[in-house]
Amino acid sequence: MKRIGVLALQGAVREHIQMLEALGCEAIQVKQRKDLGNLDGLVLPGGESTTMRKLLDRFDLLESIRGLAQKGLPMLGTCAGLILLAKDLIEDEPHLAVMDVTVARNSYGRQVDSFEVQLDIPKVGVGIPAVFIRAPHIEAVGKGVEILAQHEGKIILAQDGHLLGCSFHPELTEDTRILEYFVTSMV
């Protein structure tokens, strides 16, 4: 059974845990550095990236998570998690700075502008529901980064080796295929 951590400081923690458990994984809530031991992968959930960064600093998790990413631990960042992973942020300082992408925050407007679309993602499946809530997008990718999905000309899903960054919230649907891709193809 794969042990997948979910950063449990703020955001859509419960939804990720439920999906991971539905996929047969042992989902571990990560609140302290000791929770990072013996993981096969780590999910950085959607939420509010500025708040998450402050909590990463407060609980002394930032450098530990960065180190695990640099050592090759598979990580999935959804929405705010993508912002945390990005090496570069437009008009802001990066946080973990481990995924070779440049990200723009709040690309799809305010909370009231939230929407859901169906995406066809060749490596994942057809008709994938994607929920966008104040979502970021990937403005640019580095040489080794594979673009997996775009919406309206914006990059919304990309893979940088063992790191998967997603603009939208797959955990807010009942479709497990994005997390299944992460667990079966990357972990």
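Computed from the coordinates by the stated procedures, all read-outs in this text should not be read as laboratory data. Small disclaimer: the values here were computed from a predicted structure and weren't measured. Here Cβ is always computed from backbone atoms with ideal geometry, including for glycine, and neighbour counts include all displayed protein chains.
Students often get this wrong, so check it: of Lys2/Lys54; Lys34/Lys123; Lys34/Lys143, which have C-alpha atoms separated by over 31 Å?
In this structure, Lys34/Lys123; Lys34/Lys143 lie more than 31 Å apart at Cα.
I need the peptides 98-105, 169-176 ranked by packing, meaning the mean over residues of other C-beta atoms within 10 angstrom, with the highest value on top.
The packing order, highest mean first, is 98-105, 169-176.
What is the calculated FRET efficiency for Lys71 to Glu91, with r their C-beta to C-beta distance and R₀ = 22 Å, to the nearest 0.05?
Efficiency for this residue pair is about 0.15.
Under a point spin-label approximation (7 Å from Cα along Cα-to-Cβ), what is the Gln32-Thr51 distance to one decimal in nm?
Placing both labels 7 Å along Cα→Cβ, they lie 2.3 nm apart.
Given the chain reduced to its alpha-carbon atoms as identical point scatterers, what log10 I(q)/I(0) does the Debye formula return at q = 0.10, 0.11, 0.13 Å⁻¹?
Calculated log10 I(q)/I(0) at the listed q: -0.33, -0.40, -0.57.
Given 0.36 nm per residue, what is the gain on full extension from Lys154 to Arg14 after removing their alpha carbon distance, in nm?
Result for the pair: 47.6 nm of gain on full extension.
For the pair Met186 and Asn106, what calculated FRET efficiency results from E = 1/(1 + (r/R0)^6), where r is the Cβ-Cβ distance and R0 = 45 Å, to the nearest 0.05?
The value I calculate is 0.95.
Can you bin every Cα-Cα distance in region 18-93 into 5 Å intervals starting at zero and give me the percent of pairs per bin, rounded to whole numbers?
3, 14, 25, 29, 18, 8, 3, 1
To the nearest 500 deg cm²/dmol, what mean residue ellipticity at 222 nm is calculated for the chain from DSSP H runs of n ≥ 4 alone, each contributing -39,500 (n - 2.57), summed and divided by the residues?
-5500 deg cm²/dmol
Suppose the chain between Asp120 and Glu174 were pulled fully straight at 0.36 nm per residue; how much longer would it get relative to their current alpha carbon spacing?
17.8 nm
Hey, how many Å between the Cα centroid of region 83-146 and the Cα centroid of region 163-187?
13
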